[in-house]
């Protein structure tokens, strides 16, 4: 591995796009097409390129307040010059915001699909801010030390990625403290409230108890007035690893 590629591990960027179009498969294909062309032109200075896009409407009857507009997120490790080129490529598709983040992966999603293909199950991207009464240290301790284990216990997750926002690259971008990606094996694990809060074998009573546990703890360290949940597809442009 060259020095330049080894140095990439220190810089992960997340780009959030509020699309001018609605959530459709065409939106996903266009985002993936533009990002793939960019990645091919900057292959020596990029890695871990993953694209998440809303391609269908989320369920209406659910305890999770899903957003319904067109939304995309591109996660990548790259040099700043390459990120500038990606922002230029995507800028015409909607409102774009870029963040530098610190990533940790409590549960890695096993990727077996070919590069650029949609993963078998959906993902849930959640954007959030800390509770206004908490300092950053307490917020991170509650998130990493308490809520992450709870989420891994309650939800049927095959992948969980935490991104702590370190820098806003765009001064006018909305400020977020955290961005989480929760991956699921099948669509029903998200669209069914019982499965979402307990897995395929959970009873309704257990799901209700779990939903209360999650909600109470979330309200203790997050600003629930501003939280955003986006139901998305996932494409790993670098393929299985």
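The values are calculated or read from the model by the stated rules, or taken from the named source; none is laboratory data. These numbers come from a predicted model, not from an experiment. All Cβ positions, even for glycine, are placed from backbone atoms using ideal geometry, and neighbour counts span all protein chains on display.
With the checklist (1) assigned to a strand (DSSP E or B); (2) over 16 Å from the mean Cα position of the chain (by Cα) in hand, flag the one item residue 89 doesn't pass.
Unmet condition: (1).
How about the stretch 154-185: which of its residues are touching a residue at least 60 places away in the same chain (Cβ under 8 Å), part of a strand (DSSP E or B) and farther than 16 Å from residue 104 by Cβ?
Within the stretch 154-185, 167, 168, 184 qualify.
Six or more apart or on different chains, Cβ atoms under 6 Å: show the pairs whose first residue is in the stretch 186-198 and crowded, with 19+ Cβ neighbours inside 10 Å and whose second is assigned to a loop (DSSP other than H, G, I, E, B).
These pairs meet every condition: 189/156; 190/122; 194/202.
When you go through 54, 46, 35 one by one, which is the residue that is surrounded by 16 or more Cβ atoms within 10 Å (Cβ to Cβ), closer than 28 Å to residue 211 by Cβ and in contact with a strand residue (DSSP E or B) (Cβ under 8 Å, 6 or more places away or on another chain)?
Values: 46 fails: closer than 28 Å to residue 211 by Cβ; 35 fails: closer than 28 Å to residue 211 by Cβ.
Matching residue, one of 54, 46, 35: 54.
Does residue 107 satisfy the condition of being without any contact (Cβ under 8 Å) to a residue 60 or more places away in the chain and under 17 Å from the mean Cα position of the chain (by Cα)?
The answer is yes for residue 107.
Of (1) out of contact with any strand residue (DSSP E or B) (no Cβ under 7 Å at 6 or more places or on another chain); (2) in contact (Cβ under 8 Å) with a residue 40 or more places away in the chain; (3) farther than 21 Å from residue 195 by Cα, residue 120 satisfies all except one. Which?
Only one criterion in (1) out of contact with any strand residue (DSSP E or B) (no Cβ under 7 Å at 6 or more places or on another chain); (2) in contact (Cβ under 8 Å) with a residue 40 or more places away in the chain; (3) farther than 21 Å from residue 195 by Cα is unmet by residue 120, namely (3).
Restricting to the stretch 97-120, give me the number of residues that are touching a helix residue (DSSP H, G or I) at 6+ places or on another chain (Cβ under 7 Å) and either at pLDDT below 95 or part of a loop (DSSP other than H, G, I, E, B) (or both).
1
Could we say that residue 179 is at pLDDT below 95, closer than 30 Å to residue 17 by Cβ and buried (at least 16 other Cβ atoms within 10 Å of the Cβ) here?
In short, no.
Do we have any residue at all in the stretch 135-153 that's crowded, with 16+ Cβ neighbours inside 10 Å and assigned to a loop (DSSP other than H, G, I, E, B)?
no
Does the stretch 217-233 contain any residue that is under 15 Å from the mean Cα position of the chain (by Cα), in contact (Cβ under 8 Å) with a residue 40 or more places away in the chain, more than 19 Å from residue 57 (Cα to Cα) and in a loop (DSSP other than H, G, I, E, B)?
Here is the first cut: in the stretch 217-233, the residues under 15 Å from the mean Cα position of the chain (by Cα) are 227-233.
Those still in the list that are in contact (Cβ under 8 Å) with a residue 40 or more places away in the chain too: 227-233.
Within this subset, residues satisfying the condition of being more than 19 Å from residue 57 (Cα to Cα) are none.
No, that holds for no residue.
Give me the residue from the stretch 199-216 that is surrounded by 15 or more Cβ atoms within 10 Å (Cβ to Cβ) and at pLDDT below 95 and, out of that set, farthest from the chain's Cα centre (by Cα).
The extreme case among them is 202.
One residue is enough: does the stretch 35-58 have a residue meeting the conditions assigned to a loop (DSSP other than H, G, I, E, B) and within 23 Å of residue 223 (Cα to Cα)?
Among the residues of the stretch 35-58, at least one is assigned to a loop (DSSP other than H, G, I, E, B) and within 23 Å of residue 223 (Cα to Cα), which makes the answer yes.
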